[in-house]
Amino acid sequence: MQNSPQHTPSAFAQRLASRTQEIRDGFPEPATLTAEARQLLYDALGGMIGHTPLHRIDVESGSTIWAKLESGNPGESHYDRCYLHLLHEMELRGDIIPGETKLLDATSGSAGGSLGWIGRILGYQTQVIIPEELPLARVRALQDTVDEVTISRRHGEYIEGVVQTLREIIKTRANIRLLKEKKLALPNHSRNLSTPAAFESMGREVRAQLPPDVKKLDSVLVMGNGASIKGIEKPLRKRFPQLRVHGVRDAEKSGKITLFGASGADGAGKLPMPFLNPDQYDTVTDVHQSDWLREFEECNKGESEMNTIGRTSAAAFMIAKRLIEKSKERMNILMVVYTHAGRDGDEIVTDPDATYAGNGHWNQK
């Protein structure tokens, strides 16, 4: 899946190149930098990642939805925070070596893009495993930032199939040797115990950005692997001890993961997600794809303040509005715009049925 000589980078890749040009020019040979110079490189990346705006949406009832625009990161995703934190930690421990270690992880899109561009700037080759069900535009966006994209052939299993493919890859004799020699490493962002700490900065920023007159806060956050919620929640509770957390998850995939603490038959055959603690949520709403896709398309008509909102964030936006409609009191609700709607291609892709057919061809309805 390599780009052809005639390949034109996606609009996302062009925006990313423009936003990171200064840092790439300032550190042209990252693998040869001294320890002090590499810390300066990490500091420079830290100055680019995070510090994203908090967008205010006033609702007619007097309630307010506060949207943390993580789409404002260079990679247009909250995962920029994740991989900057994880790779720095791994490097300081000596687990990875610039110019020598290849980084391998599983992704459904956004995480892989962040790993790819940050890895390149830090001097690491990257490889990601993706589901074959991904839309063509998302695959192309990954090809623009990641050195090697491998498609999991476990049709219908989506991210859990990707994880199984990843396990099969690293169990080969050659890769076991590379892991021991630190020629290959797995950040394992979805289950790395350090991942929640990467998102604490987001919570600290929100805590400081909210006006002083906000005394009570609810949050409507996409559950995913649970790491970002755990990280965001920790600093927010210092200001809002009674913070209510409303989890949103994809109804079609909710039966394929194991909540933290599940055991026996409840967890059999499911993908473990160590940060999904059921006690962490005041409510959990399963949103069907048809509902969040409709909200996504409505948000991205260009007529709304939220016209750069990604699909999962559109589901959270929908649930936030429903909570306000049912409430008898004014509410302040935090949500996160995790990714930019146009991040995965030159135009918004709303066809969830586009599938990879092999040999560079996709079936798109």
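Here, each number is a calculation from the coordinates, and none is a lab measurement. It should be emphasised that the depicted structure is a prediction, and the values quoted were computed from it without experimental measurement. As a convention, Cβ positions derive from the backbone with ideal geometry for all residues, glycine included, and neighbour counts pool all protein chains shown.
Database remark: amide H of G310 closer than 5 angstrom to the amide H of Y338, T339, A341 (H placed geometrically; neighbours at sequence offset of 5 or more, or on other chains; Pro and chain starts carry no H).
By the gyration tensor of its Cα atoms, with a ≥ b ≥ c the square roots of the eigenvalues, what is the shape of the range 20-99: rounded for a/c under 1.5, prolate for a/b over b/c, or oblate? All intermediate terms of the calculation are to be shown ahead of the outcome.
Values: a/c = 4.03, a/b = 2.53, b/c = 1.60.
Because a/c hits 1.5 or more and a/b exceeds b/c, the range 20-99 counts as prolate.
Think of the range 51-132 as a dipole: +1 on every Lys or Arg Cβ, -1 on every Asp or Glu Cβ, centred on the Cα centre; then among G94, L54, T64, G94 lies furthest on the positive end. Under a 5 Å amide H cut-off, with hydrogens placed 1.01 Å from N, K102 pairs with L184, A185 among residues at least 5 apart or on other chains. Evaluated with a Cβ-only charge set (Lys, Arg +1; Asp, Glu -1), the range 189-250 carries a dipole of roughly 240 debye about its Cα centre, given to the nearest 20.
Annotation: amide H-H contacts under 5 Å for K68 (H modelled 1.01 Å from N, sequence separation of 5 or more, or interchain): H55, M335, V336, V337.
Report the equivalent ellipsoid semi-axes for the range 138-181 in whole Å, largest first, defined as the square roots of five times the eigenvalues of the gyration tensor built from alpha carbon atoms.
22, 16, 6
From the square roots a ≥ b ≥ c of the eigenvalues of the alpha-carbon gyration tensor of the range 100-175, which class results: rounded (a/c under 1.5), prolate (a/b over b/c), or oblate? The shape class here is oblate.
Taking a ≥ b ≥ c as the square roots of the eigenvalues of the Cα gyration tensor of the range 29-169, is the shape rounded (a/c under 1.5), prolate (a/b larger than b/c) or oblate? It comes out oblate by the Cα gyration axes.
Any of K230/K328; K183/K238; K68/K238 with alpha carbons more than 30 Å apart? Name them for me.
Details: K230/K328 28 Å; K183/K238 41 Å; K68/K238 18 Å.
Going by Cα-Cα distance, K183/K238 fall outside the 30 Å limit.
Phi-derived couplings, Karplus 6.51 cos²θ - 1.76 cosθ + 1.60 at θ = phi - 60°, listed residue by residue for the range 51-59: 6, 7, x, 10, 8, 9, 10, 7, 9 Hz, with x used for Gly and Pro.
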